[in-house]
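These notes are about the structure you will find just below.
What follows is calculated from the coordinates using simple rules that are stated; it is not laboratory data. Note that this is a predicted model, so its numbers are computed, not measured. FYI the Cβ positions are ideal-geometry reconstructions off the backbone, even for glycines, and counts take in every protein chain you see.
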Amino acid sequence: MRRYFGTDGVRGEAGKPPLTPEFVLRLGQAAGAYLRAQDPRPVVLLGKDTRLSSDLLEAALAAGLMSQGVRVEHLGVLPTPGVAHLTRALSATAGAMISASHNPYQDNGIKFFGPSGEKLSDEAEEAIEALLEEDHPTRGIGTVGDFREAERMYLDFLLKRAPDLSGLRVGVDAANGATYRLAPRVFQRAGAEVMAFFTAPDGRNINAGCGSTHPEVLSRLVVELGLDLGVAFDGDGDRVVFVDRKGRLFHGDHVLYLNALHRGEKGVVGTLMSNMALEARLRARGVAFHRAPVGDRYVLERMKEEGLLLGGEPSGHVIFLDHAPTGDGLLTALLTLGALRALGGDLADWYEALPLYPQVLVNVRVRDKAQVVAHPRLQEAVRRAEERLRGEGRVSVRPSGTEPLVRIMVEGPEGLIQEVAEALKKEVEALDGAR
């Protein structure tokens, strides 16, 4: 069992265990030792987002890697999928990204990619954790460089897949994060008229009331300014959600539906959080729908098992496996708008083509999420909740993979789902308070 790595790398509040400079130095040493066993002359590409703590953690991780003889190439501020793409394109031994994605600026994290551009496997992360327990004397002196072509190469990759967006008026919310330079440029180069928002990072404003987790401001601006649509990214650029011209949220389920029909997919992978309406509509169209556990790595695993090319989550983390090995918000936005232009209509039309079942999402902050979720009392409460829905809905109660939260999702008839969700929330709070 992994102690430090979660579903999306090592996460925590910067400056506090485990994300202290001392720990990150050791993590770099352990990762360097692991990579050196795979490649006698390892090269690691290192990117970061715009958080205040990213420079500090970048320096500590680079020092640990170099102490094991690793060549480190700094990519600077770059979206996570850009790091994944360049790791594969440049045949690097590994890539590393310093980011906590959609979390507030106080948090940060470190995730690694293998030479294929995919996140490291559970087994590889377990091996690195085992090496953390050992002392790692200096094994050669690694070197460091600044790879100044990183942003250009990633932009070229995206533009080769971009549709002609001439005549489209697009609002772009870059979340004051890793896409703050690239996102406006991509849409402008594709021909759109762009109004860009939240493109002035100061280290503390990443995801603050903006981005894919807070699209309310973008929704208002799209309507007030008469834009055709809006596009909102998260802090590290691996997620994207849209808003239509009426200001309505067009999220990952809508994105999967539109792209599945455009691409003629035989099957699609969603997660336990995917709306039942998506599953029903796809199956009515002859498209198989498969559910994976929450987390893009599990979506990718299921896609490979089923031999499928399209999968994703309602959060806007969507994988087009024939284009990239990981979720990419900018790529997803371009491909989705290309599908929209090919099929006709606008986002508002396609929003209405997939009327979602009512769903309530509740996050409960707890001290020990694993213990609360595993408690027999909560398991019994979930069983009773499912009985109340009488087969007309779903219940999902799970620990967050990145934060100290228990996430409750209830889907089904309007009215009843609010009651069910509130009862489950009270049970979680009671169990946490009983510790």
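About the Cα centre of the range 82-125, how large is the charge dipole given +1 on each Lys and Arg Cβ and -1 on each Asp and Glu Cβ? Please answer in debye to the nearest 20. Can you show the working numbers first?
Values: 3 positive and 5 negative charges, 44 e Å.
That gives the range 82-125 a dipole magnitude of about 220 debye.
For Cα pairs less than 8 Å apart in space and 6+ apart in sequence, what is the mean separation divided by the residue count of the range 359-433, i.e. the relative contact order in percent?
43
Can you list the aspartates and glutamates whose alpha carbon is less than 20 Å from that of residue 425, not counting same-chain residues fewer than 8 positions off?
368, 380, 386, 387, 403, 411, 414
Compute the separation of the alpha-carbon centres of the range 209-234 and the range 29-90 and state it in Å as a whole number.
33
As I understand it, the dipole of the range 210-307 uses +1 on the Cβ of Lys and Arg and -1 on the Cβ of Asp and Glu, about the Cα centre. Which of 211, 259, 227 lies farthest toward its positive end?
The residue sitting most towards the positive pole is 259.
State whether the range 164-253 is rounded, prolate or oblate according to the following rule on the C-alpha gyration tensor (a ≥ b ≥ c being the square roots of its eigenvalues): a/c under 1.5 gives rounded; otherwise a/b larger than b/c gives prolate, and the remaining case gives oblate.
Numbers: a/c = 1.65, a/b = 1.23, b/c = 1.35.
Oblate is the answer for the range 164-253, as a/c is 1.5 or above yet b/c matches or exceeds a/b.
Pairs to check: 16/111; 119/246; 369/426; 246/426; 111/369; 266/304. Give those whose C-alpha atoms are more than 25 Å from each other in this structure.
Numbers: 16/111 18 Å; 119/246 37 Å; 369/426 15 Å; 246/426 35 Å; 111/369 22 Å; 266/304 14 Å.
With Cα atoms farther than 25 Å apart: 119/246; 246/426.
Given the Cα atoms of the range 289-435, and with Rh set as the inverse mean 1/r over their pairs in the Kirkwood sense, what is Rg to Rh to two decimals?
Numbers: Rg = 18.1 Å, Rh = 17.5 Å.
Looking at the range 289-435, the ratio lands at 1.03.
For residue 285 and residue 2, calculate 0.36 nm times their separation in residues minus their Cα-Cα distance, and state this gained length in nm to one decimal. It would help to have the intermediate numbers written out before the result.
Values: separation 283, 0.36 × 283 = 101.88 nm, distance 4.06 nm.
That works out to 97.8 nm of additional length.
Against the globular-protein guess of 2.2 N^0.38 Å, express the Cα radius of gyration of the range 359-433 as a ratio, rounded to two decimals.
Working: Rg = 11.5 Å, N = 75, 2.2 N^0.38 = 11.3 Å.
Normalised Cα radius of gyration, the range 359-433: 1.01.
Rounded to the nearest 20 debye, what is the charge dipole size of the range 1-124 about its Cα centre when +1 sits on each Lys and Arg Cβ and -1 on each Asp and Glu Cβ?
Working: 13 positive and 12 negative charges, 35 e Å.
So the magnitude is around 160 debye.
Mind giving me the FRET efficiency for residue 370 and residue 164? R0 is 41 Å, r the Cβ-Cβ distance, nearest 0.05 is fine. If you can, show how the numbers build up before the last one.
Details: r = 49 Å, r/R0 = 1.19.
Given R0 = 41 Å and the Cβ-Cβ separation, E is 0.25.
Select from 54, 101, 91 the residue whose mean-square fluctuation is largest in a Gaussian network model of the chain (Cα-Cα springs shorter than 10 Å).
For the chain, modelled as a Gaussian network with Cα springs under 10 Å, the answer is 91.
Could you work out how far apart the two model spin labels at residue 135 and residue 363 are, taking each label as a point 7 Å from the Cα in the direction of the beta carbon, and quote it in nm?
Inter-label distance under the simple model: 4.2 nm.
Taking the chain as a Gaussian network, where each spring joins two C-alpha atoms under 10 Å apart, which residue of 309, 389, 340 fluctuates the most?
Sorting by GNM fluctuation, first place goes to 389.
GNM on the chain, C-alpha springs below 10 Å: top fluctuator among 110, 141, 417?
Its mean-square fluctuation being the largest, the pick is 141.
Only counting other Cβ atoms within 10 Å, I'd like 236, 202, 49 sorted with the fewest neighbours first. Write out the running numbers ahead of the final one.
Numbers: 236 35, 202 11, 49 30.
Neighbour counts put them in this order, fewest first: 202, 49, 236.
Averaging sequence separations of C-alpha pairs under 8 Å and six or more residues apart, then dividing by the length of the range 135-255, give the relative contact order as a whole percent. Don't skip to the answer; put the middle values down first.
On the way: 218 pairs, mean separation 28.1, N = 121.
Relative contact order here is 23 percent.
Taking only the Cα atoms of the chain, how large is their convex hull per residue, in Å³?
Residue-normalised Cα hull volume stands at 136 Å³.
With the contact rule set at Cα under 8 Å and sequence spacing of 6 or more, what percent relative contact order holds for the chain?
Details: 998 pairs, mean separation 54.8, N = 435.
Relative CO of the chain lands at 13 percent.
Express in whole angstrom the spacing between the alpha-carbon centres of the range 397-422 and the range 150-207.
33
Please give the contour-minus-distance gain from residue 16 to residue 379: 0.36 nm per residue of separation, less the Cα-Cα distance, rounded to one decimal in nm. Each step should come with its number before you reach the end.
Details: separation 363, 0.36 × 363 = 130.68 nm, distance 3.26 nm.
Length gained between residue 16 and residue 379: 127.4 nm.
Name the residue farthest towards the positive end of the dipole of the chain from the options 63, 289, 32, assuming +1 on Cβ of Lys and Arg, -1 on Cβ of Asp and Glu, about the Cα centre.
289
If you take the C-alpha gyration tensor of the range 122-204, multiply each eigenvalue by 5 and take the square root, what semi-axes do you get, largest first, in whole Å? Mind dumping the intermediate values first?
Working: eigenvalues 306, 52, 42 Å².
Those come to 39, 16, 14 Å.
Tell me the volume per residue, in Å³, of the convex hull enclosing the alpha carbons of the range 59-160.
Working: hull volume 12.4 nm³, N = 102.
About 122 Å³ per residue, rounded to a whole number.
Charges only on Cβ, +1 for Lys and Arg, -1 for Asp and Glu: so what's the dipole of the chain about the Cα centre, in debye to the nearest 20?
Details: 52 positive and 59 negative charges, 46 e Å.
About 220 debye.
Go from 0 up to the bin containing the longest alpha carbon distance in the range 161-353, width 5 Å each, and give me the % of pairs per bin.
Reading upward from the zero bin: 1, 9, 18, 22, 21, 15, 10, 4, 1, 0.
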